[in-house]
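Each value in this text was obtained by applying a stated rule to the coordinates, not by laboratory testing. These figures come from a predicted structure and were not determined experimentally. Here Cβ is always computed from backbone atoms with ideal geometry, including for glycine, and neighbour counts include all displayed protein chains.
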Amino acid sequence: MTTHHYQFAKVDNKYFIKLSGELKYQWSTGFNNFLQKLFKKQNFDEIIVDVTDTEYMDSTNIGLLAKIARYSIKNFSHKLPLIINEADVKELLQEMGFDKLCKFIKKPEGFDHKYKKIKGQQESKKNLGKMILDAHRTLSDINEKNKDQFKNVLDVLERQERKDKKDAENNQE
């Protein structure tokens with residue numbers, strides 16, 4: 001089994017996030033919770049993401065990356081600096097419209113930080129579904145191509161969300 005790592009370092013007033021290995025939705029809940037807390041802090045000037053050691057990233061993780069990019073544009077008024085070396089990963093992200101959200105850069109010499117691991121967390125099926133739905137909504141909002149590509153996924157996830165809400169309402173009665 002290939003490892004997966006979500007890590008961060010805070011240096012000066014910047015957060016560095018390093019994504020490594022095979023990143024799949026079932027391991028991303030801790031990362032999603034980390035991002036939610038980070039976005040609430042607002043005690044920093046920039047986020048830089050390093051995906052040079054990423055072997056695979058599913059659509060949920062790509063959606064989480066899009067959330068960071070949108071946050072960067074909204075709060076720092078510039079594209080997310082994304083350190084990337086793999087041409088395949090860069091091509092995939094460009095096809096999904098990330099060139100509008102990210103500034104692709106090569107890893108600078110001597111660029112290493114003492115990263116801390118972002119701990120994984122077990123989530124309820126409902127919370128996991130909400131995270132996946134939110135990530136895919138973010139991806140779909142990037143462009144029409146993504147909207148078409150993820151339409152069926154969103155339909156299924158939104159149908160499940162409505163069912164969960166209805167079940168919760170029925171249980172309260």
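Structure data summary
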| read-out | value |
| --- | --- |
| Restricting region 106-151 to residues that are aromatic (Phe, Trp, Tyr) and within 24 Å of Thr3 (Cα to Cα), the residue that is surrounded by the most Cβ atoms within 10 Å (Cβ to Cβ) | Tyr115 |
| Filter result for the condition that a residue is at negative phi, touching a Lys or Arg at 6+ places or on another chain (Cβ under 6 Å) and surrounded by fewer than 16 Cβ atoms within 10 Å (Cβ to Cβ), over Lys79, Lys40, Lys103 | Lys103 |
| Hey, Lys90 among the charged types (D, E, K, R), surrounded by 14 or more Cβ atoms within 10 Å (Cβ to Cβ) and out of contact with any helix residue (DSSP H, G or I) (no Cβ under 6 Å at 6 or more places or on another chain) or not | yes |
| Matching entry among Lys74, Lys37, Lys67 (being out of contact with any strand residue (DSSP E or B) (no Cβ under 6 Å at 6 or more places or on another chain) and more than 20 Å from Phe104 (Cα to Cα)) | Lys37 |
| Members of region 66-89 that are closer than 24 Å to Thr29 by Cα and either outside any helix (DSSP H, G or I) or free of Cβ contacts under 8 Å to residues at least 40 places away in the same chain (or both) | Ala69, Tyr71, Ser72, Ile73, Lys74, Asn75, Leu80, Pro81, Leu82, Ile83, Ile84, Val89 |
| So Lys163, is it in contact (Cβ under 8 Å) with a residue 12 or more places away in the chain, exposed (fewer than 14 other Cβ atoms within 10 Å of the Cβ) and not β-branched (Val, Ile, Thr) | no |
| When residues of region 44-65 are limited to those that are aliphatic (A, V, I, L, M) and touching a residue at least 60 places away in the same chain (Cβ under 8 Å), the one surrounded by the fewest Cβ atoms within 10 Å (Cβ to Cβ) | Ile62 |
| Filter result for the condition that a residue is touching a Lys or Arg at 6+ places or on another chain (Cβ under 8 Å) and either within 25 Å of Asn143 (Cα to Cα) or small (Gly, Ala, Ser) (or both), over Ile47, Ile62 | Ile47 |
